[in-house]
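Q: Got a structure for you, written out below as structure tokens; questions coming shortly.
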Amino acid sequence: MKCDAAFPMRAPLQTVLAFVAGAAVASLVILVSRQQDARHAVHEAASAPAGTNDLRKAAAPAPELAPPEQPTGRQGGSRSAVGQERGSVGRMQREQIAALQLRVRELERGTASADPGGGAAPATRAKSHDFTDAELQAMAHNCEVRFDLPRIAREPFHLSPERGAQLHLSDPEQERVSAAVDAASKDVVAHLRALYLEATGDAAGADALDPQSLMREILEKSPPAAVQAARTEIARERAGLPPAPSGTIVERYLRYMTSVGDSLQRALEPAVGAQQAAAVRDALAESRSYMSGCPK
């Protein structure tokens, strides 16, 4: 579907960055070629017999000689100097190549974020959080919303010892992870119940339906146009674009659901550390939702 949201084009900036990135790549190729030429030149100089102009003889490898046990005199000093110079040149060239490669990667990232609506690659299908700015802009362009959820149920959650061992969690860490996931599950159920009751007025259903049914009913009881408008608004908000909330039930539903995974990850950080919290979140995610499509 075509999106009505306007995204400013930044062709001049993208062109400049692309030109600089291309120049950096060209410099890298030239530098690598010079490095190879220098190595060949050193090899030819070491192999060529003195006083000959025959290039074929100069290109032929010199016979291997056993190095003297204690090199002395002018010849030994010359070889040592050549070796030191060769090593210094090689080190300098490697450092320059590494610097150019790093610069090219930085320019590529800058080009992608400078014009997210003009060709930036969308996030992979499996990704449901930790989006880059360019990915969020591309998702807003497609009115796309994604979120992941842990196990959501009315029954208490407890991480099994087998699952905890697979995640390399100690017994105390398993207990803290179980408490964080259980608290997130209870909070989701409470929000779903309140939103369903507001949408339908069905108190008996709000208490009896499982969380998955509550989610489905909240979406199905909302007009399709309201669902599309809510999806557009949430995608724009997550991309940092100016919000224009309408306050509809489905909009509040999507705004809350897209925050559950991030809230759980923050709750896991004191238990397992910031680095492992994201891995535990992904491992315990039992559902991932993808919704896209802009209104005509």
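Residue by residue, here is whether (1) of a type in the set (K, R); (2) modelled with pLDDT of 95 or more; (3) under 17 Å from D207 (Cβ atoms); (4) out of contact with any strand residue (DSSP E or B) (no Cβ under 7 Å at 6 or more places or on another chain) holds:
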residue	(1), (2), (3), (4)
D148	no, yes, no, no
A153	no, yes, yes, yes
E175	no, yes, no, yes
V181	no, yes, no, yes
A184	no, yes, no, yes
L192	no, yes, yes, yes
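Q: Working only within segment 261-275, note down all residues that are touching a residue at least 60 places away in the same chain (Cβ under 8 Å) and within 20 Å of the chain's Cα centre (by Cα). Even if it seems obvious, please write down each step before you answer.
A: Of the residues in segment 261-275, the ones touching a residue at least 60 places away in the same chain (Cβ under 8 Å) are 261-265, 267-268, 270-272.
Across segment 261-275, the qualifying residues are G261, D262, S263, L264, Q265.
One line per residue, one yes/no per condition, for (1) farther than 29 Å from G273 by Cβ; (2) surrounded by fewer than 19 Cβ atoms within 10 Å (Cβ to Cβ):
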| residue | (1), (2) |
| --- | --- |
| E144 | yes, no |
| P150 | no, no |
| H168 | no, yes |
| D202 | yes, yes |
| R216 | yes, yes |
| A244 | yes, yes |
| G247 | yes, yes |
| Y253 | yes, no |
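Q: Sort out which residues of segment 170-200 are among the charged types (D, E, K, R) and within 28 Å of Q276 (Cα to Cα), and write them in order of number.
A: D171, E173, E175, R176, D182, K186, D187
Q: Out of everything in segment 218-242 that is within 28 Å of the chain's Cα centre (by Cα) and among the acidic types (D, E), what residue ends up being surrounded by the fewest Cβ atoms within 10 Å (Cβ to Cβ)?
A: So, considering only residues that are within 28 Å of the chain's Cα centre (by Cα) and among the acidic types (D, E), the one surrounded by the fewest Cβ atoms within 10 Å (Cβ to Cβ) is E237.
Q: Here's something else I'd like to know. In this structure, is S263 in contact with a strand residue (DSSP E or B) (Cβ under 9 Å, 6 or more places away or on another chain), assigned by TED's automatic domain parsing to the domain that holds A199 and at pLDDT 95 or above?
A: no
Q: Go through segment 247-296 residue by residue and tally those that are part of a strand (DSSP E or B) and more than 13 Å from P150 (Cα to Cα).
A: Within segment 247-296, residues that are part of a strand (DSSP E or B) and more than 13 Å from P150 (Cα to Cα) number 2.
Q: Output the residues belonging to segment 204-213 that are without any contact (Cβ under 8 Å) to a residue 24 or more places away in the chain and surrounded by 13 or more Cβ atoms within 10 Å (Cβ to Cβ).
A: Our first condition is that a residue be without any contact (Cβ under 8 Å) to a residue 24 or more places away in the chain; within segment 204-213, this holds for 204-209, 213.
The answer is G205, A206, L209, S213.
Q: Consider A279 carefully, then state whether it is in the same structural domain as D182 (by TED's automatic domain parsing), touching a residue at least 40 places away in the same chain (Cβ under 8 Å) and hydrophobic (A, V, I, L, M, F, W, C).
A: So A279 fits the description; yes.
The values are calculated or read from the model by the stated rules, or taken from the named source; none is laboratory data. Computed from a prediction, not measured in an experiment: that's the story for all the values here. Note that we place each Cβ from the backbone using ideal geometry, even for glycine, and neighbour counts take in every protein chain shown.
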